[in-house]
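The values are calculated or read from the model by the stated rules, or taken from the named source; none is laboratory data. Worth saying up front: this structure is predicted, and the values here are computed from it rather than measured. Quick reminder, even Gly has a Cβ in these numbers, built from the backbone with ideal geometry, and neighbours come from all protein chains shown. These accessible areas exclude ligands, DNA and RNA; they are computed on the full protein's heavy atoms, side chains included. Shrake-Rupley method; radii C 1.70, N 1.55, O 1.52, S 1.80 Å.
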Amino acid sequence: MKYDFRNIEKKWQKYWLDNKTFKADNNSGKPKYYVLDMFPYPSGSGLHVGHPLGYIASDIFSRYKRSKGFNVLHPMGFDSFGLPAEQYAVRTGQHPKKTTEENIVRFRDQLDKLGLSFDWDREIKTSDSSYYRWTQWIFLKLFNSYYDHDLNKAQPIEKLKIPKNLNEKEIGSFIDSKRLAYVDTIDVNWCEELGTVLANEEVIGGLSERGGFPVIKRPMKQWVMRITDYADRLLDDLFELDWPESIKLSQKNWIGKSEGAEIKFSIEKKFIKVFTTRPDTIFGATYLVLAPEHPLINEITTDKYKKSIDEYVEQTSKKSDLERQENEKNKTGVFTGSFALNPISNEKIPVWISDYVLFSYGTGAIMAVPAHDERDNEFARKFNLKIIKVIDGGNKDECYTGNGSLINCGEYDGIDNIKFKSIVVEKLETINKATKRTNYKLRDWIFTRQRYWGEPIPIIYNGNKKKALEFNDLPLELPEVESYLPTKDGLSPLARNNDWINISINGVNYLRETNTMPQWAGSCWYFLRFIDPGNNNEFANKDLIKYWMPVDLYIGGAEHAVLHLLYSRFWHKVLFDLDYVSTNEPFKKLVNQGMILGNSAFVHRIKNTNDFISFDMIKDEKTQKIHVDISFVDEKNRLNIERLKQNNPEFNDVNFIKGKSFYVSRDIEKMSKSKFNVVNPDAICEQYGADTLRMYEIFLGPVEQAKPWNTSGISGVHNFLKKYWRLFYRNDKWMVTEIEPSKNELKLLHKTIKKIASDIESFSFNTCVSALMICVNELTNLNCKSRKILSPLTQILYPFAPHVAEEIWESLGHKNTITYEPFPQVNESYLIEETKNYPVSFNGKLRFNISLSLNLDDSEIKEAILGDTRTERYLKGSLPKRWVIIQNKIINIVH
RNA sequence: GCUCGGAUGGUGGAAUUGGUAGACACGUUGGACUUAAAAUCCAAUGACCAUUGCGGUCGUGCGGGUUCAAGUCCCGCUCCGAGUACCA
């Protein structure tokens with residue numbers, strides 16, 4: 001029998017599906033283990049070899065855990081709301097639902113070919129109304145909750161204490177001001193010509209990326225999530241998570257907690273509040289700067305400066321965020337004509353406005369300390385403002401941002417600046433000029449999108465009065481529309497369907513909210529729905545949540561370091577506060593798989609000509625790189641010009657300058673259709689099989705690391721599987737016998753079991769493959785035939801190459817799947833070698849025992865010690881460490 | 001700019017965390033079996049020197065340091081990758 005991977009893989013994939021081998025049991029005596037992959041967006045281009053890496057890693061882990069006696073939940077679904085399907089719909093008029101469903105079928109087919117052990121009975125799609133019904137339900141929970149800062153948790157809105165003496169309208173707006181999901185008017189990038197709101201990335205130099213139309217900042221009503229109330233908890237709870245440090249760090253920076261003080265500077269009878277983390281430098285505050293959006297600007301600007309201030313404000317309002325950032329090295333600003341009083345030095349200091357101060361952070365105003373802050377320093381030198389050093393930073397002229405003792409601070413001179421921080425704030429607090437204050441970079445989460453292909457928001461309006469839909473009204477299904485473009489007024493395409501917008505309840509007419517939720521909404525809680533996907537009464541049964549949560553292992557790309565992973569933590573904490581889930585955090589351990597990169601190929605066109613030159617012949621010519629499809633290039637970087645011309649007719653008329661062959665240049669880039677560097681896993685499965693592909697992907701390197709794809713090494717892994725197969729079938733003959741294994745075979749096997757188990761636990765899958773290769777090579781050399789060796793070998797191979805392992809398992813006479821066979825135990829007695837204590841004397845001086853695991857006699861030991869020059873040197877000198885080397889083994893010395 | 005992470009043969013990567021650097025695999029070269037090819041197997045493969053044999057010198061981005069011993073620890077650089085963008 002040959003290793004016929006095509007039939008073997010088909011056979012076992014069907015077996016697993018038919019027998020529901022990977023069905024996770026909700027009632028099990030076994031300990032649970034929840035392994036989750038970040039579910040994919042089903043894009044139109046299908047999977048490339050980079051996508052499955054994380055799925056393969058989680059699959060290996062799931063299969064391993066099952067064989068370790070765990071009840072494993074390993075589900076998969078699709079994040080099926082999203083922009084690409086909608087853009088495709090805009091271009092073609094096809095309903096996004098249709099293209100999304102087609103893509104899901106294709107994805108499912110590709111995933112199935114890899115032999116992944118998902119429990120497909122639990123499949124979910126975020127665009128199914130049976131799913132987004134509950135996304136809408138959670139939205140309403142957020143709408144109907146507020147954050148109680150005394151209890152430090154979210155509470156139902158009914159528990160909110162409403163101040164007395166409010167009229168009905170005021171009560172309404174008070175409640176609205178506390179809701180976790182609320183409506184606010186926020187500046188957005190508005191493009192009149194395109195009739196839509198654009199993301200910052202879509203605006204370049206004040207013009208729209210597509211079309212080049214002007215874009216302005218415009219306030220628009222948006223739904224917003226009050227994630228900032230959770231800033232402290234999102235930050236504090238990070239420490240207990242078993243996540244990569246880099247991800248925790250990005251979340252920490254994103255939340256950006258900084259502690260400082262809010263200080264009041266008075267201008268006649270008014271106050272300007274500034275936020276600072278460096279109140280210790282207040283004696284050096286020689287001017288104030290307000291953000292151009294600051295509401296007090298009009299009041300404090302003197303007539304003389306009014307014109308220039310107005311111009312400046314007007315100018316900055318036209319700038320996009322990107323343009324404002326471009327000024328980083330060339331700051332601009334205008335004087336208001338007013339002076340404020342420094343509350344501690346009582347000096348009059350000028351008040352300026354500048355766009356280097358952000359209105360959205362802190363109070364939108366700063367006290368500038370040019371001697372100890374680089375941005376202030378730059379500004380002060382440009383506009384010739386006073387610079388006073390207040391912290392002793394040695395002789396350096398430049399601005400000093402470190403710590404030291406105070407100077408030029410009158411009675412406070414000589415005090416350590418860190419101590420002075422609290423001294424000055426306390427002093428100013430007594431005269432009501434300062435308060436301690438903590439600020440966050442984290443902003444509330446703008447939740448609405450003017451798009452079609454997303455969850456409708458279950459809110460209706462009667463005038464300005466909001467009303468939440470009732471539970472029985474959910475799901476609020478997406479209506480049909482004539483066009484998927486936003487309307488001229490910047491409303492979502494949903495606004496095009498008048499029948500849908502207008503709704504009458506008990507004789508009262510309402511208008512529906514027409515915006516939809518962002519793609520993050522569906523992925524915020526999908527891991528909870530996997531627990532109980534068919535439940536029509538709750539988003540998931542509470543007991544089942546208690547059993548399965550938290551997710552023990554979450555695998556996905558690092559690109560979600562902040563957005564998805566922060567939003568889902570936020571929602572989870574709200575659900576926890578409201579007692580719907582049992583854990584404070586959703587994901588216990590997180591692993592980021594590295595990206596698999598493509599190896600792009602380029603042809604070089606000599607500039608301003610139609611001549612393409614072979615890469616090896618380029619000397620001084622200036623050339624332009626053009627991507628060509630990597631399937632036309634061989635391993636030696638030679639281009640098949642004929643095939644290129646067949647597929648890309650635009651190359652028909654060009655002149656190829658070449659020697660013997662035409663060479664391309666190569667570059668490592670992200671794998672993408674537009675770069676023509678995509679390697680399709682289907683083709684590799686067809687040629688080598690899924691088991692080979694799986695093992696090769698993890699053999700490429702550590703899971704966490706980014707690495708380029710190179711198919712040429714795949715034969716090594718494929719040969720390994722063939723070699724493994726030959727241990728069982730050689731020349732059509734079944735090789736396994738009941739013979740007792742040799743000592744060497746047992747030692748090798750148990751060494752390998754130990755290595756595999758510990759390496760899987762520590763996610764070092766690539767070294768597992770090496771260990772298996774060594775084991776199979778040596779067993780081949782030993783001509784091993786013993787069932788007692790080959791049967792456990794098959795079990796430890798199973799997580800990596802499950803199809804071939806199942807097939808062999810069956811050949812070994814087992815009737816059941818290998819999946820739930822207990823993972824082989826390590827028998828340490830095969831590994832531990834005998835140790836003896838030997839007394840050793842050296843130069844008649846040193847005397848100690850060594851504990852040895854080598855079969856040497858005393859004279860050999862002495863010879864070994866003397867023969868090793870390093871040990872000799874060590875022995876002649878002092879004795880700082882407690883071991884020596886004998887025959888390459890480190891031996892502990894027992895005194 | 002700031003914050004992380006990294007740099008090991010022709011290539012992907014190992015190295016029990018301070019103890020024979022280069023495991024395992026690809027590639028390359030030579031050989032066996034074949035009419036031939038494929039498949040399979042064997043040998044060599046960091047560089048340089050010596051080669052009849054033994055062997056020797058250098059070697060983990062660069063420059064220093066600690067140590068009997070450094071890819072690994074410390075100090076100073078260079079380059080590459082990722083994230084972030086004036087957050088007071």
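With q set to 0.14, 0.15 Å⁻¹, the log10 of I(q)/I(0) for segment A:237-394, from the Debye formula over equal scatterers at the Cα positions, is -0.74, -0.83.
Report the Rg/Rh value for segment A:666-788, based on alpha-carbon coordinates and the Kirkwood definition of Rh. On the Cα set of segment A:666-788, Rg over Rh gives 1.06. Working note: Karplus 6.51/-1.76/1.60 with θ = phi - 60° gives segment A:295-303 the couplings x, 7, 4, 4, 5, 8, 6, 7, 3 Hz, where Gly and Pro are set to x. Partner aspartates and glutamates whose Cα lies under 20 Å from the Cα of A:K542, excluding those fewer than 8 positions away in the same chain, are identified as A:D25, A:D121, A:E123, A:D532, A:D552, A:D577, A:D579, A:E585.
What's the Cα-based Rg to Rh of segment A:1-120, Rh via Kirkwood? Intermediate results must be reported in sequence, preceding the final value.
Details: Rg = 16.8 Å, Rh = 16.1 Å.
Using Cα coordinates only, the ratio equals 1.05.
When ligands, DNA and RNA are left out and all protein chains stay put, how many square angstrom of accessible area per residue does chain A have with a 1.4 Å probe? Could you put the intermediate results ahead of the total?
On the way: 43300 Å² over 895 residues.
I get 48 Å² per residue for this part.
For A:K636, the lysines whose Cα comes closer than 25 Å to its Cα, not counting residues fewer than 8 places off in the same chain, are A:K619, A:K622, A:K625, A:K645, A:K658, A:K660, A:K670, A:K673, A:K675, A:K707.
So how do A:650-659, A:443-452 stack up, highest first, on mean other-Cβ count within 10 Å?
Values: A:650-659: 12.5, A:443-452: 20.6.
The most tightly packed comes first, giving A:443-452, A:650-659.
Within segment A:768-832, all pairs of alpha-carbon atoms sorted by distance into 10 Å bins from zero give the percentages 19, 54, 26, 1.
Here the Karplus relation 6.51 cos²θ - 1.76 cosθ + 1.60, evaluated at θ = phi - 60°, turns the backbone of segment A:221-238 into coupling constants of 6, 9, 7, 9, 9, 7, 5, 5, 5, 9, 3, 5, 5, 4, 7, 5, 6, 4 Hz, with x for every Gly and Pro.
Computed across segment A:724-768, the Kirkwood hydrodynamic radius from all distinct Cα-Cα pairs reaches 12.6 Å.
If you average over every viewing direction, what projected area does the convex hull of the Cα atoms of segment A:435-490 give, in nm²?
On the way: hull surface 30.7 nm².
Across all orientations, segment A:435-490 yields a mean hull projection of 7.7 nm².
Per residue, the convex hull around the alpha carbon atoms of segment A:325-405 comes to 119 Å³.
Counted residue by residue at 0.36 nm each, then reduced by the alpha carbon distance between them, the extension gain from A:N537 to A:H814 reaches 95.4 nm.
Could you give me D for segment A:479-614, from Stokes-Einstein at 37 °C and 0.692 mPa s, where the hydrodynamic radius is the Kirkwood radius over C-alpha pairs? Units µm² s⁻¹, please.
On the way: Rh = 19.8 Å.
D, rounded to a whole number, is 165 µm²/s.
In summary, segment A:105-186 shows an alpha-carbon radius of gyration equal to 1.78 times the 2.2 N^0.38 Å reference for compact globular proteins.
Give the Kirkwood hydrodynamic radius (Å, one decimal) of segment A:704-749, defined as one over the mean of 1/r across all pairs of different Cα atoms. Each step should come with its number before you reach the end.
Values: mean 1/r = 0.0727 Å⁻¹.
So the Kirkwood estimate lands at 13.8 Å.
Considered as an equivalent ellipsoid built on the Cα gyration tensor, chain A has semi-axes of 57, 40, 33 Å, the largest given first. Look at the dipole of chain A built from charges on Cβ: of A:A380, A:F174, A:G393, the Cα furthest out on the positive end belongs to A:G393.
Amide H to amide H distances under 5 Å link A:S338 with A:T302, A:V351, where only residues 5 or more positions off or on other chains count and H is placed in the peptide plane.
Helices in chain A, meaning DSSP H runs of at least 4 residues, each add -39500 (n - 2.57). Divided by all residues, the mean residue ellipticity at 222 nm is -10000 deg cm²/dmol.
Residue-wise HN-Hα couplings along segment A:552-562, as the Karplus relation 6.51 cos²θ - 1.76 cosθ + 1.60 with θ = phi - 60° gives them from phi, are 6, 9, 10, 10, x, x, 6, 5, 9, 3, 9 Hz; Gly and Pro carry x.
What the Cα convex hull of segment A:360-465 gives, in volume per residue, is 237 Å³.
The value given for segment A:601-712 is a Kirkwood hydrodynamic radius of 15.7 Å, derived from the mean inverse Cα-Cα separation. Report the calculated FRET efficiency for A:D629 and A:R6 (r = Cβ-Cβ distance, R0 = 25 Å), to the nearest 0.05. Calculated value: 0.40. Between A:D579 and A:T185, the simple label model (points 7 Å from Cα in the Cβ direction) yields a spacing of 4.0 nm. Per-residue packing, averaged as other Cβ atoms within 10 Å, sorts the ranges A:59-67, A:815-823 into the order A:59-67, A:815-823, beginning with the highest. May I ask for the percentage of alpha-carbon pairs in segment A:557-663 that lie more than 25 Å from each other? Of all Cα-Cα pairs in segment A:557-663, 50 percent lie more than 25 Å apart.
Each label point was placed 7 Å from the Cα along the Cα-to-Cβ direction; for A:Y729 and A:E704 their separation is 4.1 nm. Taking trypsin sites (Lys or Arg not before Pro) across segment A:147-178, the ones in a DSSP loop with at most 11 further Cβ atoms lying within 10 angstrom of their Cβ are A:K161, A:K164.
Taking every pair of alpha-carbon atoms in segment A:249-326, give the share separated by more than 22 Å as a whole percent. Before the final figure, lay out the partial values.
On the way: 1395 of 3003 pairs.
More than 22 Å apart: 46 percent of the Cα pairs in segment A:249-326.
Shown for segment A:34-156: lysine pairs separated by 8 or more places, or found on different chains, whose C-alpha atoms are under 26 Å apart, numbering 9.
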